[in-house]
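Presented below is the structure to which this report refers.
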Amino acid sequence: MIFRSEASRGYTLSAPATAYVGFLVAAPLLILIAYSFWTQTYVTLDKTPTLKNYSDALADPLVRHLMLRSIWIAGAVTVVTVALAYPIAYFIAMKARKKTIWLLLITIPFWSSYLLRVFAWKLILGFNGVMNSALMMLGLIDEPLDFLLYNEFAVVLTLAHAWAPFAILPIYVSLQKIDPSLLEAATDLGNSPLQRFMRVTLPLTIPGIIAACLIIFIPTVGDYVTPALVGGSDGKMIANLIQVQFGAANNWPLGATLSLIAMLSVGFVAIVFVITATQLGRRIR
Amino acid sequence: MKRPSTLTAYAFLYLVFLYLPVLFLPLFSFNSGTIVAFPIKGWTLDWYRKLGEQDTLIQALWNSLGVGTVVAILSTAMGLFAARAFVRYRFRGQRAAEGLVMLPLVIPGIIVASSMLVLFLFLGLKPSLLTVVLGHTFLALPFSVSILKSAFDDFDASLEEASYDLGVGVFETFRRVTLPVVSPGIIASMLVTFTVSFDEFVLAFFLSGNQPTLPVYIWSQIRFPAKLPNVLALGSILLLTSVLLLVLAEYFRRRSSASEVR
């Protein structure tokens, strides 16, 4: 044996992975923080520490608007995705006979390129796109519907599709853990199926629902591809503005500041959500 | 009993919702018209034939294949050791370490991408395929760790102990006992991490500089309506490739769970 203790073996073997992830989380964050206190005019970077980026960003109505809209859209996406996914998770966990096949069917589309799935929605929802042309061919509408693409609705629909497995799997796992004797007890005590669901099943799956919400909400706030492709000008989100700072506008300090503001806002909303959801879960019981 | 049947109907509708949008890409890739709308004008394979003539596309394909392969090897190697440590040994801070390795899954893409760009330039690394590899390895690591953790979960520790008792050294035991048993898990991890890298866009968009990967190339083509049929054909091939790779990965993952020695 090379290493004497179990612990030292554990540390040594896991070190490459933890050090790699740790470094690539911490180092960029520190540099991002440093950048956010610097300023840039055209190509010259001024390293005198200042809060100007923060005051500029927070005073800018566009930043506030995009940040609030990102949080609002991410919230809507989370609610819609989880609401659509819950019955599926319930079906697979409680009713379906071939559970593994269903789980596989749910996850396969997720493995196709995210960019291509969003692109597919752009083609479907477009003014001269798949949906409008199909509806017109069937004679259901006379002229193309113009409210399908380039708005918040398109963003929410596309992301509810993209995140589906992320919502189904955690809820499925929490449903799977429910002890069947609890359900039998509820029935024996005279609960109707609906009462039983509200009093036993739903409260017991709150951890799964919280996990699903966080897994969807956090990446959605910072999503770039979907708002860029199907959002139009009404569906732009904070990530699009951040990308502009690192790209065309070439103002990295402001981009870094926006990234940090986005990260802090996401963290804040997530913490508030977890606390409220846990409280709510207790009250249902 | 009306409720179960409505639920089943809903489940099938949901499957249609999941699959239909994706299936429009291959459907319209065979359409001879250049507008993506019904009715379909006629059927053709021309768009597929024209793919081979595009040099920038072929270059982007090679870039993606190269990046994906290196990412698969790097993340699976690190994941292999980490997964073994997490499953086999108990140590202080283990839960924190396992949580840390899963972190790349939940950080918003734009923040990972922008912060890595800043870091790499700070370190003097120009955006290139190398920086894409470094970024993708970071994103792929949680996948390889969780796949390999389940491979080690099913691995009987007494096999290794028997080997030590017979006087075989640590490295030789790893090579002759551990590795063969967990190899289906390793293959599954390599296939999945390759696919994660092959399909990833936002990080590559920020970090690839003037060496586009395939998704970055597609992004540059999406804006031109004239290029649409080509993107559809290319996209359909990519969809098929990803799904095939993952079905294969699932097969090996199942085998790694089934190969438990009693």
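In the range B:72-82, how many are within 7 Å of chain A (Cβ to nearest Cβ), buried (at least 21 other Cβ atoms within 10 Å of the Cβ) and not small (G, A, S)? Can you show your working first?
Initially, the range B:72-82 is screened for residues within 7 Å of chain A (Cβ to nearest Cβ), giving B:78-79, B:81-82.
From the residues that got through so far, the ones that are buried (at least 21 other Cβ atoms within 10 Å of the Cβ) too are B:78-79, B:82.
Narrowing further to those that are not small (G, A, S): B:78.
So the answer is 1.
Which one is surrounded by the most Cβ atoms within 10 Å (Cβ to Cβ) among residues in the range B:108-155 that are over 20 Å from B:T193 (Cα atoms), without any contact (Cβ under 8 Å) to a residue 24 or more places away in the chain and away from every other protein chain (no Cβ under 11 Å)?
Out of the qualifying residues, it is B:L125.
Residue-wise test of (1) more than 9 Å from chain A (Cβ to nearest Cβ); (2) surrounded by fewer than 15 Cβ atoms within 10 Å (Cβ to Cβ); (3) farther than 29 Å from A:L116 by Cβ; (4) within 21 Å of the chain's Cα centre (by Cα).
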position: B:V192; (1), (2), (3), (4): no, no, no, yes
position: B:D199; (1), (2), (3), (4): no, no, no, yes
position: B:Q221; (1), (2), (3), (4): yes, no, no, no
position: B:P225; (1), (2), (3), (4): yes, yes, no, no
position: B:P229; (1), (2), (3), (4): yes, no, no, no
position: B:L239; (1), (2), (3), (4): no, no, no, yes
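Determine which member of the set A:A26, A:A7, A:A19 is farther than 28 Å from A:L214 by Cβ, surrounded by fewer than 17 Cβ atoms within 10 Å (Cβ to Cβ) and either not acidic (D, E) or not assigned by TED's automatic domain parsing to the domain that holds A:T158 (or both).
Working: A:A26 fails: farther than 28 Å from A:L214 by Cβ; A:A19 fails: farther than 28 Å from A:L214 by Cβ.
Only one candidate passes the filter, namely A:A7.
Restricting the range A:114-133 to residues that are more than 7 Å from chain B (Cβ to nearest Cβ), modelled with pLDDT of 90 or more and within 17 Å of B:L18 (Cβ to Cβ), which is surrounded by the most Cβ atoms within 10 Å (Cβ to Cβ)? Write out each step before concluding.
Narrowing the range A:114-133 to residues more than 7 Å from chain B (Cβ to nearest Cβ): A:118, A:122, A:125-127, A:131-132.
Of the ones still in play, those that are also modelled with pLDDT of 90 or more are A:118, A:122, A:125.
Next cut, within 17 Å of B:L18 (Cβ to Cβ) only: A:118, A:125.
Details: A:V118: 25, A:L125: 23.
Per the stated criteria, the residue is A:V118.
If A:L157 meets every condition in (1) outside any loop (DSSP other than H, G, I, E, B); (2) out of contact with any helix residue (DSSP H, G or I) (no Cβ under 8 Å at 6 or more places or on another chain) apart from one, which number is that one?
Checking A:L157 against (1) outside any loop (DSSP other than H, G, I, E, B); (2) out of contact with any helix residue (DSSP H, G or I) (no Cβ under 8 Å at 6 or more places or on another chain), the one that fails is (2).
Scan (1) buried (at least 20 other Cβ atoms within 10 Å of the Cβ); (2) more than 7 Å from every other protein chain (Cβ to nearest Cβ) for the single condition A:G222 breaks and write down its number.
A:G222 satisfies all of (1) buried (at least 20 other Cβ atoms within 10 Å of the Cβ); (2) more than 7 Å from every other protein chain (Cβ to nearest Cβ) except (2).
For the range A:172-189: of the residues being within 22 Å of A:W102 (Cα to Cα) and β-branched (V, I, T), which is nearest to the chain's Cα centre (by Cα)?
A:V173
Given the condition in a loop (DSSP other than H, G, I, E, B) and of a type outside the set (D, E, K, R), answer yes or no: does some residue in the range A:206-215 qualify?
Looking only at the range A:206-215, we keep the residues that are in a loop (DSSP other than H, G, I, E, B), and these are none.
For the range A:206-215, residues in a loop (DSSP other than H, G, I, E, B) and of a type outside the set (D, E, K, R): absent.
Go through A:I168, A:I124, A:I108, A:I101 for me and flag whichever is under 16 Å from the mean Cα position of the chain (by Cα) and not aromatic (F, W, Y). Let's see the steps before the verdict.
On the way: A:I124 fails: under 16 Å from the mean Cα position of the chain (by Cα); A:I108 fails: under 16 Å from the mean Cα position of the chain (by Cα); A:I101 fails: under 16 Å from the mean Cα position of the chain (by Cα).
Every option except A:I168 fails the conditions.
Quick one: in the range A:234-251, of everything that is in contact with a helix residue (DSSP H, G or I) (Cβ under 7 Å, 6 or more places away or on another chain) and modelled with pLDDT under 90, which residue is farthest from A:E152 (Cα to Cα)?
A:N251
Just need a number here: residues in the range B:203-216 that are surrounded by fewer than 22 Cβ atoms within 10 Å (Cβ to Cβ) and assigned to a helix (DSSP H, G or I).
Keep residues of the range B:203-216 that are surrounded by fewer than 22 Cβ atoms within 10 Å (Cβ to Cβ), which gives B:209-211.
Okay, now just the ones that are also assigned to a helix (DSSP H, G or I), so none.
So the count comes out to 0.
Among the residues of the range A:168-203, how many are surrounded by fewer than 19 Cβ atoms within 10 Å (Cβ to Cβ), assigned to a helix (DSSP H, G or I) and either touching an Asp or Glu at 6+ places or on another chain (Cβ under 9 Å) or in contact (Cβ under 8 Å) with a residue 24 or more places away in the chain (or both)?
Residues meeting the conditions: 6.
Could you list all residues from the range B:175-188 that are touching a helix residue (DSSP H, G or I) at 6+ places or on another chain (Cβ under 9 Å) and exposed (fewer than 15 other Cβ atoms within 10 Å of the Cβ)?
If the condition is that a residue be touching a helix residue (DSSP H, G or I) at 6+ places or on another chain (Cβ under 9 Å) and exposed (fewer than 15 other Cβ atoms within 10 Å of the Cβ), then B:R176, B:L179 are the ones that fit.
Hey, can you tell me all the residues within the range A:85-113 that are surrounded by fewer than 22 Cβ atoms within 10 Å (Cβ to Cβ), assigned to a loop (DSSP other than H, G, I, E, B) and at the interface with chain B (Cβ under 7 Å from one of its Cβ atoms)?
The one that is surrounded by fewer than 22 Cβ atoms within 10 Å (Cβ to Cβ), assigned to a loop (DSSP other than H, G, I, E, B) and at the interface with chain B (Cβ under 7 Å from one of its Cβ atoms): A:I108.
Hey, could you check the range A:233-259 for residues that are surrounded by fewer than 24 Cβ atoms within 10 Å (Cβ to Cβ) and of a type in the set (G, A, S) and say which is farthest from A:V43 (Cα to Cα)?
If we take residues in the range A:233-259 being surrounded by fewer than 24 Cβ atoms within 10 Å (Cβ to Cβ) and of a type in the set (G, A, S), then A:G235 is farthest from A:V43 (Cα to Cα).
Among the listed residues B:T8, B:T69, which satisfies the condition of being surrounded by 15 or more Cβ atoms within 10 Å (Cβ to Cβ), assigned to a helix (DSSP H, G or I) and either at the interface with chain A (Cβ under 7 Å from one of its Cβ atoms) or not hydrophobic (A, V, I, L, M, F, W, C) (or both)? Quick ask: steps written out before the conclusion?
Details: B:T8 fails: surrounded by 15 or more Cβ atoms within 10 Å (Cβ to Cβ).
Checking each option against the conditions leaves just B:T69.
Tally time: how many residues in the range B:83-107 are within 7 Å of another protein chain (Cβ to nearest Cβ) and not in a helix (DSSP H, G or I)? Outline the logic, then answer.
Here is the first cut: in the range B:83-107, the ones within 7 Å of another protein chain (Cβ to nearest Cβ) are B:84-86, B:89-92, B:94, B:97, B:100-101, B:103-104, B:106.
Next cut, not in a helix (DSSP H, G or I) only: B:89-92, B:106.
So the answer is 5.
Can you confirm whether A:V230 is more than 10 Å from chain B (Cβ to nearest Cβ), buried (at least 20 other Cβ atoms within 10 Å of the Cβ), in contact (Cβ under 8 Å) with a residue 12 or more places away in the chain and of a type in the set (V, I, T)?
Values: more than 10 Å from chain B (Cβ to nearest Cβ): yes; buried (at least 20 other Cβ atoms within 10 Å of the Cβ): yes; in contact (Cβ under 8 Å) with a residue 12 or more places away in the chain: yes; of a type in the set (V, I, T): yes.
Taking the combined requirement at face value, the residue satisfies it.
The values are calculated or read from the model by the stated rules, or taken from the named source; none is laboratory data. Treat the numbers as computed from the prediction; the structure is a model and nothing was measured. Cβ coordinates were reconstructed from backbone atoms using ideal geometry, including for glycine residues, and neighbour counts include every protein chain displayed.
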